[in-house]
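Scroll down for the structure; my scribbles are underneath it.
Each reported figure results from applying straightforward, stated rules to the coordinates on display, with no laboratory input. Note that the structure is a prediction, hence the values are computed from the model and not measured. Here the Cβ is made from the backbone with ideal geometry for all residues, glycine too, and neighbour counts use every protein chain on show.
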Amino acid sequence: DAGITQSPRHKVTETGTPVTLRCHQTENHRYMYWYRQDPGHGLRLIHYSYGVKDTDKGEVSDGYSVSRSKTEDFLLTLESATSSQTSVYFCAISREDQPQHFGDGTRLSIL
Amino acid sequence: GESVGLHLPTLSVQEGDNSIINCAYSNSASDYFIWYKQESGKGPQFIIDIRSNMDKRQGQRVTVLLNKTVKHLSLQIAATQPGDSAVYFCAENAMGGSARQLTFGSGTQLTVLP
């Protein structure tokens, strides 16, 4: 949707392993966001980016890091995955003062 | 703390009837509100938005009403169809840090009955 590709779409991994999720956009939007979605919590912001190499923390950033070396790519890394990070992760993009548009998510299970 | 919430977690309507989904917000600094629709296995899909200088905005079969006095937002869907069955989220968008940030409610599950 809206030129956003998330990869992988599904991943199962073990506690303590590093995990990187990728968001790729073809819209040349300035802003990119990572959210997680859990039952009973709606979507919560993890990190966002307002330009290449410009990132900031969201509401639930502990245990996550991000990088944006190109306009089109925004990476989310779990340095040492824990079971509490089992979730569905969504990437979103937006222009200045415009609604955010979301990808179709990555379902991550940490055993 | 500040929050966005929904009055009802589930809503069932007959096909062809109108649907009304409500949302309360508490951040008086929020000046932009968005409704999203999420189908199973997909990401949230933008439906309609409204800025705080308006109290009503219409789209195709959807209308959003904003009452700033009581901090209430509603989404009206006319002639509800089976394809409208989904979870609907309201989100308030306020400037925070270096970008506008969305705060989502927990969602309302809309079920359209035949």
Legend entry - chain B, dipole about Cα centre (Lys/Arg Cβ +1, Asp/Glu Cβ -1), debye to the nearest 20: 220 debye
Inset, instruction - Find out how many positive minus negative residues lie around B:Gly16, taking Lys and Arg as positive, Asp and Glu as negative, among other residues whose Cβ is under 14 Å from that of B:Gly16. - result: -2
Legend entry - Selected from B:Ser26, B:Ser106, B:Ala86, residue furthest toward positive end of dipole (chain B; charges at beta carbon): B:Ser26
Inset, instruction - Quote the charge dipole size of segment A:4-110 about the Cα centre in Debye, to the nearest 20; the model charges only the Cβ of Lys and Arg (+1) and of Asp and Glu (-1). - result: 200 debye
Inset, instruction - Give me the Debye-computed log₁₀ of I(q)/I(0) at q = 0.14, 0.15, 0.24 Å⁻¹ for chain B, equal point scatterers on Cα only, no solvent, two decimals. - result: -0.53, -0.61, -1.44
Inset, instruction - Just tell me how shielded A:85-95 is by partners: mean number of partner chain Cβ atoms within 10 Å of each residue's Cβ, no decimals. - result: 1
Inset, instruction - For peptide B:38-46, compute the average count of partner chain beta-carbon atoms within 10 Å of each residue's beta-carbon. - result: 6
Legend entry - Average other protein chain Cβ within 10 Å of Cβ, residues A:36-43: 5
